[in-house]
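Below: the structure, in structure tokens.
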Amino acid sequence: MTTIQTTTRAQTAVSIVTEFFDVYRARDVVAMTELCTDNCDFDYIPFEVWAKQRVVRGAGKVRTNGRVIWSGLINAFPNLGNDVFHIDGNDDGDVVVACDITGTQQSAWGFISPKNQYFAEPHLFIMHVNEDGLIDSIRAYWDNAGVNRQLGHFEVD
Amino acid sequence: MTTSSRQTVEAFLTGLRLRDIGGALSCVRDDAVVTVFPTRVIDGGRADLADLLTDIARAFPDLLLTVSHIVEVGQVVVAEFKLEGTQAADFLGAINQEKHLDIDTAWRFTVVDDRISAIEAYWCQNQLYRRLAVKRQDHVTIV
């Protein structure tokens, strides 16, 4: 007897996103990017740097903003990791991930000078996987005050 | 008639939008587990949620709540929404300087039997402090 195993779109989407966090844990930015569409939307909502004449935000595309932020994080936190607690998907390709992002700071990150401090901060990722099995949207929320506090940086700006 | 998880969350958000805290809390189970990461409330309860919602309603009498996305994944519903308003009272330790707040938030709800059984709320407290003119997070009440 032949058993045909069907996979729902939700299962596929969860599988793709699980792989994304696996390669993120391996700090493989190329592999992370390859799991995304060429035009994948990217929005790290808490990411904003207030300069004198403009505000730099973490919104754009994975292949422009996303890769730069991921690479910068890995440079500053060479052991950057993640612990995934919940991952839920639906048949529209939406996937929600609740996780901790972790790391020990070895070099400057923004205005934060390195003090060899470890952080583990809860993050919520809202992602979408298209019908071709590629991630086409990433949005993330977390509390930078929590990250900064753990890194010994208490100034708001 | 059963209510979808999404409808339950939308009813909660409507209550908050109208600053009808009782209405919002009517969607929440008595034994709900509430985590608000920015305020470091971990595995709190309905009373912690009531305190937060009451503080929001009191501090921002012109509260504007704008939902950008709602995603339903089984019993879990994630709502992304912006809270805006002009500060009219101290809020989460920040002294009232009548600053305008606009903060993007994401709340992860678990809904069981048409009522919310768990909430995890995410926003960036650093962004909130920046908008309310707080300079240091270890001296929130000093301006």
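The values are calculated or read from the model by the stated rules, or taken from the named source; none is laboratory data. These figures come from a predicted structure and were not determined experimentally. Note that we place each Cβ from the backbone using ideal geometry, even for glycine, and neighbour counts take in every protein chain shown. Keep in mind that these areas ignore ligands, DNA and RNA; they rest on the heavy atoms of the full protein, side chains included. Shrake-Rupley method; radii C 1.70, N 1.55, O 1.52, S 1.80 Å.
Looking at the structure I just gave you, is B:Val67 open to solvent by 20 Å² or more (accessible area, probe 1.4 Å), over 17 Å from B:Leu16 (Cα atoms) and more than 9 Å from chain A (Cβ to nearest Cβ)?
So B:Val67 does not fit the description; no.
Taking the stated definitions as given, is A:Asn130 of a type in the set (S, T, N, Q), within 12 Å of another protein chain (Cβ to nearest Cβ) and out of contact with any Phe, Trp or Tyr (no Cβ under 6 Å at 6 or more places or on another chain)?
The answer is no for A:Asn130.
Please verify whether segment B:100-111 includes one or more residues that are open to solvent by 40 Å² or more (accessible area, probe 1.4 Å), more than 14 Å from every other protein chain (Cβ to nearest Cβ) and at pLDDT 95 or above.
yes
For segment A:103-150, enumerate the residues that are β-branched (Val, Ile, Thr) and either under 23 Å from A:Glu19 (Cβ atoms) or modelled with pLDDT under 95 (or both).
Once the filter is applied, which keeps residues that are β-branched (Val, Ile, Thr) and either under 23 Å from A:Glu19 (Cβ atoms) or modelled with pLDDT under 95 (or both), segment A:103-150 yields A:Ile112, A:Ile126, A:Val129, A:Ile135, A:Ile138.
What's the total number of residues in segment A:25-36 that are under 18 Å from A:Val96 (Cα atoms), open to solvent by 10 Å² or more (accessible area, probe 1.4 Å) and of a type outside the set (A, V, I, L, M)?
The qualifying residues number 1.
Among the numbered criteria (1) closer than 18 Å to A:Ser71 by Cα; (2) of a type outside the set (A, V, I, L, M, F, W, C); (3) touching a strand residue (DSSP E or B) at 6+ places or on another chain (Cβ under 7 Å), which one does A:Pro122 miss?
With respect to (1) closer than 18 Å to A:Ser71 by Cα; (2) of a type outside the set (A, V, I, L, M, F, W, C); (3) touching a strand residue (DSSP E or B) at 6+ places or on another chain (Cβ under 7 Å), A:Pro122 is out only on (1).
Considering only segment A:136-157, state which residues are outside any helix (DSSP H, G or I) and more than 8 Å from every other protein chain (Cβ to nearest Cβ).
Within segment A:136-157, A:Asp136, A:Ser137, A:Ile138, A:Ala140, A:Leu151, A:Gly152, A:His153 qualify.
Of the numbered conditions (1) in a strand (DSSP E or B); (2) within 12 Å of chain B (Cβ to nearest Cβ); (3) modelled with pLDDT of 95 or more; (4) loosely packed, with under 15 Cβ neighbours inside 10 Å, A:Ile45 fails exactly one; give the number of that condition.
Against the list (1) in a strand (DSSP E or B); (2) within 12 Å of chain B (Cβ to nearest Cβ); (3) modelled with pLDDT of 95 or more; (4) loosely packed, with under 15 Cβ neighbours inside 10 Å, A:Ile45 comes up short only on (4).
Look at A:Val14 and say whether it is buried (at least 19 other Cβ atoms within 10 Å of the Cβ) and in contact (Cβ under 8 Å) with a residue 12 or more places away in the chain.
Spelling it out, A:Val14 is indeed buried (at least 19 other Cβ atoms within 10 Å of the Cβ) and in contact (Cβ under 8 Å) with a residue 12 or more places away in the chain.
Yes/no matrix, rows are residues, columns are (1) out of contact with any Phe, Trp or Tyr (no Cβ under 6 Å at 6 or more places or on another chain); (2) touching a residue at least 24 places away in the same chain (Cβ under 8 Å); (3) surrounded by 20 or more Cβ atoms within 10 Å (Cβ to Cβ); (4) part of a strand (DSSP E or B):
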| position | (1), (2), (3), (4) |
| --- | --- |
| A:Ile69 | yes, yes, no, no |
| A:Asn75 | yes, yes, no, no |
| A:Val84 | no, yes, no, yes |
| A:Pro122 | no, yes, yes, yes |
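Collect the residues in segment B:75-95 that are open to solvent by 50 Å² or more (accessible area, probe 1.4 Å) and either touching a strand residue (DSSP E or B) at 6+ places or on another chain (Cβ under 6 Å) or more than 18 Å from B:Asn126 (Cβ to Cβ) (or both), keeping them in residue-number order.
Within segment B:75-95, B:Gln75, B:Lys82, B:Thr86, B:Ala88, B:Asp90 qualify.
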